Every structure is written in C-alpha cells, then in structure tokens.
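Down below is the structure, laid out as structure tokens.
The values are calculated or read from the model by the stated rules, or taken from the named source; none is laboratory data. These numbers come from a predicted model, not from an experiment. Every residue, glycine among them, receives a Cβ derived from its backbone with ideal geometry; neighbour counts consider all protein chains shown.
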Amino acid sequence: MKKIKILIAFSLIATLVIMFESCDSKREPGKIYMPDMTYSRAYEAYAPNSLKAENINYIPYPVEGTIRRGDLFPFTLPKDSTGYAMSKDVKDPLPPLDSVQMGEAQRLFNINCAICHGPKLDAQGPLATGGKVPAVANLTLKQYVDMPVGTMFYSVTYGKNNMGSYASQLTREQRWMVIQYVKSQQLKGSESTDSTKTTSGTVKDSLAVKK
Ligand code: HEC
C-alpha cells in the first residue's frame, strides 16, 4: 500500500514537472518530443524553420535565370552610362495597348508621374511649378518626343537625377504601359487629355484583357 502511494506521488510530481517544463512561454513550443508535429515538413514560404540543418531544403528565391510564367523578360542593362547608351535599342515588349489598357496607363501616369510632369506632360505638375523638384523634363519637347522608348524605360526604371526609380512602384509591364501612354500623348501634340475619363474600375478590365 505504501509503495503504491509513493508511486502515485512520484508520478504526480513527474507529470507536474513535465507540464510546467513545456509551457513556460506561450511563443515557444517548450520541450519538443515530436519535431515533425511541431515543425511542418512542408515547404512553407518565408516561415522560420529551425530544422534547416535537417535537410529541409527551401529556397525562397526563384532559381537564377528563370522567369515567372507570363512575365516579361527581365531588363538586364546595367545602371551606368553604358547601360543608358545601350537602352535606345531596347524594344517595347508589349503589343499596342487597346483603349481600355490605355485608360489604365493614363491612370498610372496621372498617379505616378503627373505630380511632376503634369497631366499634359509639359512639366506643369505641382511639384515642378511649386519649385519642389527643379529641372523637371518637359516631355512635349522635341528631344523627348524623339527619345527612344528603351531610354525612357531605362530612366523610369533606374531614375535620373531628380527623378527617382519607379521599379518598385510600377511593375515592368506597367512601366511599359505608361511609356506607351507618354508616346501616344507626345504624338497627339498639344491636344488636351481628359484625366477624368478613367476610373479605378479599369484596372480589372485591363488585367482581364491581358491574360
Ligand atoms: C519627382 C518628380 C518626378 C516624377 C514623379 C517623375 N519624373 Fe520623370 N523626370 C523628372 C525630372 C526632374 C526629369 C529630368 C531628369 C534629368 O534629365 O535631369 C525627368 C525625366 C524624365 C524622362 C526623360 C528621361 C531621360 O532619359 O532624359 C522621362 C521619359 C520621364 N521623366 C518619365 C517619367 C514617367 C513615365 C514618370 C512616372 C512613372 C515620371 N517621369 C515621374 C521628375 C519626375
């Protein structure tokens, strides 16, 4: 009888010790006796995985030289004067935009570029006229009308002097779209552009058209 009591007391203490051991922090799993249950063997994107050493082989980056399905070819020119000079030969990979896509391109231009270049491309955006950003390019001038699309893409991708890079705000495709819009407006000359024509509703439509 005494032996059984000791045994019960002992196992009770042991259970308590294990219980308290395994829950000292809510964020840590405590003692792990089944690591497969605690750490998923599945490849989980960006999840911290403390079992990396045990052959969990997750690479969070695309394999070098591969392109996401449906993506445009990467723009590989270097960000230096040679790259700038070479950019004139880069061709626009997009087919000519239809009117819905052009509406979307205009929307993107008005959001991202018009603050400096102005909705009419004549450097009359508020940051230019207010003197906040000096020397904004007037894109209606001949030198810009004649500028190859590749050079424009280069400058919008890497930035130029007072203009920052738009590579993180606009996807490659969106940058080419905006440049097609700039070119279409330059061809139109001084014809006014109606910025109220487009609404955000065109985004979905233009994506649908693309696919
Ligand atoms: C913060 C103000 C600002 C914004 C916003 C801006 N730009 Fe510019 N942009 C400039 C300035 C300043 C220059 C003149 C750069 C130089 O040659 O010194 C310029 C030059 C350019 C050029 C001529 C580049 C070259 O190689 O000479 C193009 C094309 C252009 N911008 C297009 C765009 C487009 C498209 C957008 C929107 C995605 C945009 N810009 C947004 C300020 C801006």
Count of residues meeting criterion [touching a residue at least 24 places away in the same chain (Cβ under 8 Å) and either more than 7 Å from the ligand (Cβ to nearest atom) or farther than 20 Å from Arg107 by Cβ (or both)] in segment 156-173: 7
Residue within segment 67-85 that is surrounded by 10 or more Cβ atoms within 10 Å (Cβ to Cβ), at pLDDT 75 or above and of a type in the set (Lys, Arg) present: yes
Tabulated pairs, segment 116-134, first more than 16 Å from Lys160 (Cα to Cα), second among the hydroxyl-bearing types (Ser, Thr, Tyr), C-beta under 6 angstrom, 6+ apart or interchain: Pro119/Thr193; Pro119/Ser195; Leu121/Thr140; Asp122/Thr140
Residue tally, condition assigned to a helix (DSSP H, G or I) and more than 10 Å from the ligand (Cβ to nearest atom), over segment 127-149: 3
Candidate set: segment 101-114, residues that are of a type in the set (A, V, I, L, M, F, W, C) and crowded, with 17+ Cβ neighbours inside 10 Å; chosen: the one nearest to the ligand (Cβ to nearest atom): Cys113
